[in-house]
Amino acid sequence: MAHGKSTERMRKVGPYGVETLPQMLVDVPAAPAACRGALTERARLQWRLGDGGDPAALAEEFLAAHGLPLHDLTRPAPAHHDTGACGAALYLSAAAGAYLAGAPTTAPEPAPALPDLTVVVYDHGRPRVTAAGPPSPWWLGAWTESWTPRQHADAVDAVRAAIGRGDVYQTNLVGHAAARYTGDPLPALSRLGALPGARYGGVLTGDGWAIGCASPETLVEVTDGQLITRPIKGTRPATAAGRSELIASAKERAEHIMIVDLERNDLARIARTGTVRVDDLFAVRRWCDLWQAESTVRAAAADGLGLADLLRATCPGGSVTGAPKHAALTQINALEPVGRGASMGALGWVAPGRVDLGLTIRTAAADAELLHTWAGGGITWDSDAYAEVAEAAAKTAPIRAALAGR
């Protein structure tokens, strides 16, 4: 079968001359339920690492210029906006998060069409009703991994050696795969949002690219000055035996608590002194056919906390980097053969008085020719290399099945 480009079905000229995907497919993760299906794009900002500047500050300034001031997240959400803007989608790549953290970002990106920051401001229009037509032909080829199981296992052993030297306590390793496709990728990407447990299910689109998300993990949520993060760390098959094994695993619990401590520290940088607390520790919840351990960390935002400082403190997420964060990011850059693209970043909804960003695990992306997926896990001293390889495969299996239409 020929593997021609599929951009014709992906693009539509939208407001301000920006090419976007069809408006009927706007389904931003974490957007209010009443807004989905009634969002009209007003303005868009896209930024890449090579553009220079501070992406966190650019996002905050752009939103304010379009009627969505987020320079003080401790203020209650207004009942309405005189400007008419409903809110905005915000996407920040893992590379942009590492850039904000002052960590190296030299790994080549497998999907360079994707920006590192996208902010899309929406007006709230009338709900659109679209007549369903016949499904377009869809073909997805075989997945090509960016590293072999042996290379993945060797990277796990390299992290364990670094832990033995005292360089890090834990590092998250992520692998990438790509597959050619023909047809319209948007229905495939939109299927991800229907996967069980996809708290941040949805799609974000742009000129020649699209991101589909099935993430269950809250990177950071802010409502009326209350900060929440829900790190997920620890995975087992969703069976009775798997649940018991996860609860009993000293390795998984130690790994999880390290990340909870890291998230507590991240929130403490932007919280009122003494307000950081753990509401729920190591709660076992289900995503697709996996059990995962999740905790809830909460704090009161420091006076005057704005979006830019929030992004600098929380990106990239601790559960997909490691501890200490900067040392783990340096090791990630050295060990992973390609960049993390749309994965392990932030994607969600922002509006005055409300921020709700998911961590882009269980996420796929499309460019003009390829679909991309990423998956990995946290490595500790007790990690078994090939068990980590198998865990990454288990995490990506439901994503690939959904993309294929199975």
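The values are calculated or read from the model by the stated rules, or taken from the named source; none is laboratory data. Bear in mind that the values here come from a model prediction, so they are computed numbers and not experimental data. Virtual Cβ from ideal backbone geometry, glycine too; neighbours counted across all protein chains shown. Only protein heavy atoms, including side chains, enter the accessible area calculation; ligands, DNA and RNA are left aside. Shrake-Rupley method; radii C 1.70, N 1.55, O 1.52, S 1.80 Å.
Of the listed requirements (1) in contact with an Asp or Glu (Cβ under 6 Å, 6 or more places away or on another chain); (2) under 30 Å from A34 (Cβ atoms); (3) at pLDDT 95 or above; (4) not aromatic (F, W, Y), P55 misses just one: (1). Total residues in region 220-233 satisfying the condition of being open to solvent by 10 Å² or more (accessible area, probe 1.4 Å), out of contact with any Lys or Arg (no Cβ under 7 Å at 6 or more places or on another chain) and hydrophobic (A, V, I, L, M, F, W, C): the figure is 1.
Could you pull out the residue among T373, T330 that is among the hydroxyl-bearing types (S, T, Y), open to solvent by 10 Å² or more (accessible area, probe 1.4 Å) and outside any loop (DSSP other than H, G, I, E, B)? Give the derivation first.
Details: T373 fails: open to solvent by 10 Å² or more (accessible area, probe 1.4 Å).
Just a single option satisfies the conditions, and that option is T330.
Restricting attention to region 334-380, the residues that are in contact with a Cys (Cβ under 9 Å, 6 or more places away or on another chain) and among the charged types (D, E, K, R) add up to 1.
Counting only helices (runs of 4 or more DSSP H) wholly contained in region 83-191, the ones carrying 2 or more residues that are of a type in the set (K, R) and open to solvent by 20 Å² or more (accessible area, probe 1.4 Å) occupy 149-165.
Regarding region 386-404, can at least one residue be identified that is outside any helix (DSSP H, G or I), at pLDDT 95 or above and either within 15 Å of A179 (Cα to Cα) or open to solvent by 20 Å² or more (accessible area, probe 1.4 Å) (or both)?
Step one: filter region 386-404 for residues outside any helix (DSSP H, G or I), giving none.
Taking every residue of region 386-404 in turn, none turns out to be outside any helix (DSSP H, G or I), at pLDDT 95 or above and either within 15 Å of A179 (Cα to Cα) or open to solvent by 20 Å² or more (accessible area, probe 1.4 Å) (or both).
Taken together, the residues in region 35-54 that are farther than 24 Å from A107 by Cα and assigned to a loop (DSSP other than H, G, I, E, B) amount to 4. Residues in region 360-385 that are within 19 Å of the chain's Cα centre (by Cα) and over 21 Å from G183 (Cα atoms): 8 in all.
Among the residues of region 192-216, those identified as open to solvent by less than 10 Å² (accessible area, probe 1.4 Å) and on the phi > 0 side of the Ramachandran plot are G202, G208. For region 240-295, the candidate set comprises residues that are of a type in the set (D, E) and in contact with a strand residue (DSSP E or B) (Cβ under 6 Å, 6 or more places away or on another chain); within that set, the residue that is nearest to W381 (Cα to Cα) is E255. When each of A64, A113 is tested for being modelled with pLDDT of 95 or more, within 28 Å of G341 (Cβ to Cβ) and small (G, A, S), the lone residue that passes is A113.
I'd like to verify a number: residues in region 352-370 that are outside any loop (DSSP other than H, G, I, E, B) and either more than 28 Å from D303 (Cα to Cα) or open to solvent by 10 Å² or more (accessible area, probe 1.4 Å) (or both), how many? Break it down into steps so the answer makes sense when it comes.
In the first step, residues of region 352-370 are kept if they are outside any loop (DSSP other than H, G, I, E, B); the result is 354-359, 363-366, 370.
Restricting the remaining residues to those that are either more than 28 Å from D303 (Cα to Cα) or open to solvent by 10 Å² or more (accessible area, probe 1.4 Å) (or both) gives 354, 356, 363-366, 370.
Going through region 352-370 one residue at a time, the tally reaches 7.
Identify, from the list R199, R150, the residue that is closer than 21 Å to A390 by Cα and among the basic types (K, R). Write out each step before concluding.
Values: R199 fails: closer than 21 Å to A390 by Cα.
Criteria check complete, one pass: R150.
Considering only region 42-59, how many residues are of a type in the set (D, E) and in contact with a helix residue (DSSP H, G or I) (Cβ under 8 Å, 6 or more places away or on another chain)?
Taking region 42-59 and keeping what is of a type in the set (D, E), we get 51, 54.
Narrowing the set further to residues that are in contact with a helix residue (DSSP H, G or I) (Cβ under 8 Å, 6 or more places away or on another chain) leaves 54.
Counting residues in region 42-59 that are of a type in the set (D, E) and in contact with a helix residue (DSSP H, G or I) (Cβ under 8 Å, 6 or more places away or on another chain) gives 1.
The sole residue among E263, E252, E245 that is open to solvent by 50 Å² or more (accessible area, probe 1.4 Å), in a helix (DSSP H, G or I) and of a type in the set (D, E, K, R) is E245. Can R191 be described as in contact with a strand residue (DSSP E or B) (Cβ under 9 Å, 6 or more places away or on another chain) and among the charged types (D, E, K, R)? In short, yes.
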